[in-house]
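Please read the structure below before turning to the comments.
The numbers here are math on the coordinates, done by the rules we state, and not lab data. What you are looking at is a predicted structure, and each value in this text was computed from that prediction instead of being measured. Here the Cβ positions follow ideal geometry from the backbone for every residue, glycine too, while neighbour counts run over all protein chains shown.
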Amino acid sequence: MATFFSYLLLLYLCLYQITNERYASFYKENLIVQIDLVIYSDKNTFRIARNFDRINKNEKFQVIVKSKSDVRLVILNKSRIDCNFLSNIFINSNRTYYLPSPKEYFSFDGLNKSEEIYIVIFQRNYKHSDLLLKPSSDCTYKWEFINSQFNDLLSIKSKPVPPILQLSGNIRTSELSEEIEGENVIIKKYSFDVE
């Protein structure tokens, strides 16, 4: 009789664990973020950047971000010579952020023929958040870590959406942006040829 009750108790505990795991995975919230890297020319025109885009040293750019949940954002820039932090901020849900600010822009000095940018967006429960936010870790170490994560992590989903910054006239297919979905962390990479 005791073994029968032990068996029932064990069966009940197994069903309880399966039910809770399903409940937790059903309510687990993925990151959903829209990231637009907008390049502005000196002729008062602009475009949404693509990976492996060409950029002129006279052009400037902004990163525009909107997240459906509260997240942390880190932007790193790497050239052959330097590694720099461009931004490290907290992003509130459903607000649009212009980085470095709505009236300021990033630019490349033209000393390097190629530049790379990583935009890393992560939730509080991302297991490597301490490494990314630790001020004592140097940029090159963080870059190498993010690069390895980027290569291992390509499990994000994306869909085309209109850009956050509305372009004048009709939005052509080439001007569509991406809404990206991932778990705990999203890493977006841009590689530029600088002229």
Can you tell me how much longer the chain between ASN112 and THR45 gets when fully stretched, taken as 0.36 nm per residue apart minus their C-alpha distance, in nm with one decimal?
21.7 nm
Treating cross-link reach as a plain straight distance, find the lysines whose alpha-carbon is under 27 Å from the alpha-carbon of LYS113, omitting any fewer than eight places away in the same chain.
LYS43, LYS57, LYS60, LYS78, LYS103, LYS142, LYS188, LYS189
Taking placed amide H atoms and a strict 5 Å upper bound, the residues 5 or more places from LYS57 or on another chain that come that close are GLU195
Reachable aspartates and glutamates, given that their alpha-carbon falls under 17 Å from the alpha-carbon of LYS134 and they are not under 8 places away in the same chain:
GLU144
About the Cα centre, and with charges only on the beta carbon of Lys, Arg (+1) and Asp, Glu (-1), how big is the dipole of the range 39-108? Nearest 20 debye, please.
180
